[in-house]
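What follows is a short report on a single structure.
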Amino acid sequence: MSANRQQTAQIHTENVHFSHIFTPLDLGFTTLKNRMVMGSMHTGLEDRFFNYGKLAHYFAERAKGGVAMIITGGIAPNKQGWLTPLGGTLNQLTDVINHKRLTKAVHKHDCKLVLQILHSGRYGYHPFVVSSSAIKSPISLFKPRKMSHKNILATVQDFAHTAKLAKLAGYDGVEIMGSEGYLLNQFLSQHTNKRTDQWGGSLENRMRFPLAVVNAVREAVGKNFIITFRLSLMDLVPNGNTFDEIVCIAKALEKAGVNIINTGIGWHEARVPTIVTSVPRAGFAHLTGEIKKHVNIPVMAANRINMPDTAEQLLVNNTADLVQMARPFLADPNWVNKAKSGQTHLINTCIACNQACLDHIFVNKRASCLVNPQACYETELVYKPVKKAKNIAVIGAGMAGLSASSVLAKRGHQVTIFEAQDKIGGQFNYAKVIHGKEEFFETIRYFDNLLQTLNVTVKLNHKVTKEFLQNEKFDDVIIATGVIPRSLKIQGADLPNVISYAELLSGEKTAGQTVAVIGAGGIGFDVSEFLTATDDRTFIIQNLQQNQIPTPQPLDEWQAQWGVDNRSNYDSFGGLTTAKKITPARKVYLMQRKKDRLGTGLNKTSGWVHRTALKQHGVIEMSDVQYEKITSEGIWLRTNNGQSQLLRVDTVVVCAGQESVNDLMPKLTDNLDQLTAQYHVIGGAKFAGELDAKRAIREGAELGAQL
Ligand code: FAD
Ligand code: NAP
Ligand code: SF4
């Protein structure tokens, strides 16, 4: 019986909640205690050795949280392979001391630590970049030098040398990064490999370098050391490999002594989203299932898996032997233990926003997490138990108020949160109904359950007034009353055909067939997607309960929209096909006063997805416009040619930013002597400009940690 089939046959049911997740995996010389692996995720801490203490704490938290194996962020085998100048290394004996801090911290919690060796190739952001051919990538300023034969052989040895040092540092294995468009992937694919020597041309030649790396690493580390190889199962770039070619590579890797095939999807330069929130959960896992049929070593599924039922299902269906997640462990280090003890409802789910993790890394900032600001700040943002509990009122159950309440209660304070609406969540209740943002509901669900567990008193339908606060005896009052949509100050702004995004997204009002969206910030983009999506939700959301979300886009529709080949055994190059033409539900004009291209202020790693989605839905973008007045016929605009013109639309939806709601904050003109409580203000109530949930949650947590 093959190793792979044995693994399936041995599955037993010890854990009552997720029996497959909690079945150990025997690799022959070592055993993983369960099927959950924390995948490689660059945090920025690995780049500077003076941060290795913080990195050790960050890993230790996740190891303590029950995960079986952690793969570190990518460490370059040599200078040419750096992602950024002076990136993290493990190239000499002195580096071993720093890495030992990590392995020691993780091993204390019965967890394995694997070092990822990543050579960036042409994705490096420095002048020493090299690649299979001298072709610049669209996402780096630096044109690579074509590697010489000698350079390739030396690099093979550099990989082996780093692996040897990893063993010395106490790592349980290494992962060789061969996907996402990094150096080894650049050799594997004809998208970048245009060589005519023994390292290019046929598939046999293209895989010579990655296989040489695996062989050299195996020779350097001996038999009983884990080697995983991250293999791109779908390149999503022109001229990328076909699935048959990928099967050949997988078989060759197995033969060369790889223990686990980890799966990667899409190059970083691909114009198909692979991990943002609008990608359906486990949307690429079927490819892992397909590769599993062809090899006898364990395979690991990845990409947009964030909850235990999804992971369990992949194991039950025999789609994968292991499940890898990276960002979900930033969001909740205790994910595995919570799943094990039946506390799935208390998992702080990664909403795949990228806002505090990848978006930070792309601007050389330390990663963290929007829903968990402690991530990568474990030693700095500490929630210490309080010596003397205080009676604290939090006004507003948006992200800021929820975050503050939960941290305060966790530390031992007595907390009451007041909310004017009949549900918690604030602005996130609008976000969760946007197509592709259904995950935002999970954050509301998490806080809802957490507040109950922490015995926070939640008073819904309770609009707090100044008088109320004066009559109550609180030690501290936290104003987290958030924001309201800014209204337009032009003639006709009060007509019935003018509605705010809040009125639209709460289902209070609906839009006609032709719509002008005023304001092209994040909300203007979201609203335009909402209005044009083929699955028109305008009426569905009117009847949504607090704990309900609209059905997310089915996988086959998503694949058709983005031109992703839906056949598991695809023969299209890189898995790309022609995208389906979309018939939008409405005609939408999205406009702003600024002269810039629309959407330039959107987030780095997800903004392009929103911009592309609007193009796919035929949204007409207008910049450099002045709004003159609104009539029942539409909106009068002055465009850059200086002429006034009527744009005939049925509805005008205003997404022109927000204003703070902070009227409960004491003013200098109030009788301050009468105030017995200390007042604090956080989130949108403090400052509406550039407000997002990342800031709201972080401010709530930071205040919660201080009081
Ligand atoms: P709010 O969410 O406004 O919460 C304030 C709460 O206080 C409300 O529930 C309100 O009812 C309550 N309140 C007000 N006055 C009183 C009173 N007197 N008594 C009792 N209760 C009161 N951010 C991101 O980071 N990423 C995104 O992708 C994203 N997408 C978005 C999409 C949409 C469609 C929208 C509308 C927003 C989005 N945001 C996003 C923004 C994000 O939701 C907000 O910035 C953030 O949630 C603000 O949190 P807050 O707690 O400060 O305020
Ligand atoms: P925003 O990004 O500040 O955009 C406001 C838009 O309104 C701008 O396009 C602005 O453009 C326009 N505007 C401002 N004042 C106006 C006025 N008086 N009259 C007419 N137009 C006016 O804010 P937002 O879209 O409201 O989003 C709020 C926050 O939520 C943002 O900070 C954002 O980070 C967050 N959010 C994030 C996402 C995401 O995907 N990450 C999604 C949604 C929201 P002009 O001044 O050029 O007209
Ligand atoms: Fe997930 Fe967003 Fe946190 Fe990144 S910042 S880990 S994507 S929730």
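Couple of notes before you dig in:
- In the range 120-157, the residues that are in a helix (DSSP H, G or I) and either at pLDDT below 95 or in contact with a His (Cβ under 8 Å, 6 or more places away or on another chain) (or both): 123, 155
The rows are residues; the columns are (1) of a type in the set (Ser, Thr, Tyr); (2) within 29 Å of the chain's Cα centre (by Cα); (3) away from ligand 1 (no atom under 16 Å from the Cβ).
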position: 467; (1), (2), (3): no, no, no
position: 485; (1), (2), (3): no, yes, no
position: 488; (1), (2), (3): no, no, yes
position: 502; (1), (2), (3): no, yes, no
position: 509; (1), (2), (3): no, no, no
position: 515; (1), (2), (3): no, no, no
position: 523; (1), (2), (3): no, yes, no
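- Unique match (being within 16 Å of ligand 3 (Cβ to nearest atom), among the hydroxyl-bearing types (Ser, Thr, Tyr) and in the same structural domain as residue 664 (by the TED database)) among 403, 368: 403
- Restricting attention to the range 665-699 and to residues that are away from ligand 2 (no atom under 16 Å from the Cβ), of a type outside the set (A, V, I, L, M) and in contact with a strand residue (DSSP E or B) (Cβ under 9 Å, 6 or more places away or on another chain), the residue that is most open to solvent (accessible area, probe 1.4 Å) turns out to be 678.
- Per-region count, the range 185-215, residues in a loop (DSSP other than H, G, I, E, B) and either among the aliphatic types (A, V, I, L, M) or over 12 Å from residue 241 (Cβ atoms) (or both): 10
- From the list 685, 693, the lone residue that is touching a residue at least 60 places away in the same chain (Cβ under 8 Å) and farther than 26 Å from residue 470 by Cα is 693.
- Checked against the criterion of being of a type in the set (Gly, Ala, Ser) and open to solvent by less than 20 Å² (accessible area, probe 1.4 Å), the candidates 266, 342 yield just one match: 266.
- Single residue of the range 639-660 satisfying the filter (of a type in the set (Ser, Thr, Tyr) and at pLDDT below 95) that is nearest to ligand 1 (Cβ to nearest atom): 639
- Some residue of the range 446-456 being under 20 Å from the mean Cα position of the chain (by Cα), of a type outside the set (Val, Ile, Thr) and either modelled with pLDDT under 95 or over 30 Å from residue 648 (Cα atoms) (or both): yes
- Scanning the range 636-664 for residues that are out of contact with any Gly (no Cβ under 6 Å at 6 or more places or on another chain), part of a loop (DSSP other than H, G, I, E, B) and open to solvent by 60 Å² or more (accessible area, probe 1.4 Å) returns 640, 641, 643, 662, 663.
- Condition check for residue 456: open to solvent by less than 40 Å² (accessible area, probe 1.4 Å) and within 13 Å of ligand 1 (Cβ to nearest atom): no
Quick grid of which residues meet (1) exposed (fewer than 15 other Cβ atoms within 10 Å of the Cβ); (2) at pLDDT 95 or above:
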residue	(1), (2)
562	no, yes
575	no, yes
595	yes, no
611	no, yes
626	yes, yes
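- Any hit, the range 205-216, residues being closer than 25 Å to residue 102 by Cα and either touching a residue at least 60 places away in the same chain (Cβ under 8 Å) or surrounded by fewer than 23 Cβ atoms within 10 Å (Cβ to Cβ) (or both): yes
- Test for residue 162: is it in contact with a Leu (Cβ under 6 Å, 6 or more places away or on another chain) and surrounded by fewer than 24 Cβ atoms within 10 Å (Cβ to Cβ): no
- When we screen 548, 561, 470 for residues that are away from ligand 3 (no atom under 16 Å from the Cβ) and assigned to a loop (DSSP other than H, G, I, E, B), the only hit is 548.
- Residue within the range 577-594 that is under 18 Å from residue 273 (Cα atoms) and within 16 Å of ligand 3 (Cβ to nearest atom) present: no
- Once the range 67-91 is narrowed to residues that are in a loop (DSSP other than H, G, I, E, B) and touching a Cys at 6+ places or on another chain (Cβ under 8 Å), the residue that is surrounded by the fewest Cβ atoms within 10 Å (Cβ to Cβ) is 68.
- Near pairs, Cβ below 8 angstrom, 6+ apart or cross-chain, from the range 336-356 (in the same structural domain as residue 43 (by the TED database) and of a type outside the set (A, V, I, L, M, F, W, C)) to any residue that is more than 16 Å from ligand 1 (Cβ to nearest atom) and at pLDDT below 95: 340/15; 340/17; 340/18; 341/17; 342/16; 342/17; 344/17
- Here 416, 379 are screened, and the one residue that is in contact with a strand residue (DSSP E or B) (Cβ under 8 Å, 6 or more places away or on another chain), open to solvent by 10 Å² or more (accessible area, probe 1.4 Å) and away from ligand 2 (no atom under 16 Å from the Cβ) is 416.
- Every listed requirement among (1) open to solvent by 30 Å² or more (accessible area, probe 1.4 Å); (2) more than 16 Å from ligand 2 (Cβ to nearest atom); (3) not in a strand (DSSP E or B) is met by residue 430 save one, (2).
The values are calculated or read from the model by the stated rules, or taken from the named source; none is laboratory data. Here the structure is a predicted model, which is why all the values come from computation and not from measurement. Note: ideal-geometry Cβ built from the backbone for every residue, glycine included; neighbour counts use all protein chains shown. Ligands, DNA and RNA are stripped out before the accessible areas are found, and what is left, the full protein with its side chains, is counted by its heavy atoms. Shrake-Rupley method; radii C 1.70, N 1.55, O 1.52, S 1.80 Å.
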